[in-house]
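Here the structure is laid out as structure tokens; the discussion comes afterwards.
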Amino acid sequence: MIDHTDQLGQKTADNNRALHDVDERAQAGIQKAQGSADTANQNAQSASQAANQADMAANNVAHRADSLDSVVKGLDNYKQVATVSVTFGFDKALLTNDDKQQLDSFAGQLGSARSYILEVTGGTDSTGPAQYNYDLSNRRADAVVQYLVTKYNIAPRRFYLIGIGKDQYVADNKTAAGRKENRRVQVQLLSNLAENGPAPQPAPTGQAGAMATPPPAPSSDLE
């Protein structure tokens, strides 16, 4: 009887230890899962913050117009010294890896540029309503500005965004290849060859009169 009681006691103790081990493993698994969830949440928050900062960068661009004539003083003194064009998928405003490589190559020329501005012109193909395409052309231009501002710390005041929608096409919209060319953003590097001063101020009249006063350039701005 005593031996039988001892065996039952031993089995009970073994069962308790097994239950304890299972509980510990379960708690460890829960903590690990919670840690992974916390990390994923932090990563999501970081990505959201980065996206918000990029959006703010584009929104802080002080110059939006139909043409440079109305917003840049002494435009005749500015000469194109470099240009790049990137294309977009149908109804898309996202940069591809190839687009980013082209913009990276273009941005490499800014280090030696003085007193420059960047004209960013967004376009679309002829598919869809005019107003929708105009908005889409601006979103495409914004995507390019966001990329250049956040990666290369270019002062937003240097950008002049021009959305043209489908009004100014560079290829025949009757072909798929032509429509692809028209779904584009062109960036022109314009340098003031007449002086070596700061980037120009917007004109006080017309569309420029409603634009925000450009902020002073940060010390890290590319010149």
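Database remark: amide H of Ala155 closer than 5 angstrom to the amide H of Leu222 (H placed geometrically; neighbours at sequence offset of 5 or more, or on other chains; Pro and chain starts carry no H). Using the Karplus relation 6.51 cos²θ - 1.76 cosθ + 1.60 with θ = phi - 60°, the per-residue 3J(HN,Hα) values for the range 124-139 come to 9, 7, 8, 6, x, x, 4, 5, 4, 5, 4, 4, 5, 5, 5, 5 Hz, with x marking Gly and Pro.
Candidate cross-link partners of Lys100 among the lysines, defined by an alpha-carbon separation under 21 Å and a same-chain spacing of 8 or more, comprise Lys92, Lys151, Lys180. The phi torsions of the range 177-189, fed into the Karplus equation with coefficients 6.51, -1.76 and 1.60 and a -60° offset, translate into couplings of 5, x, 4, 4, 5, 6, 7, 9, 10, 10, 10, 10, 8 Hz, rounded to whole numbers, with Gly and Pro shown as x.
Quick note: the coordinates plus some simple rules give every number you see, no bench work behind them. Since the structure is predicted, the reported quantities are computational estimates derived from the model, not experimental observations.
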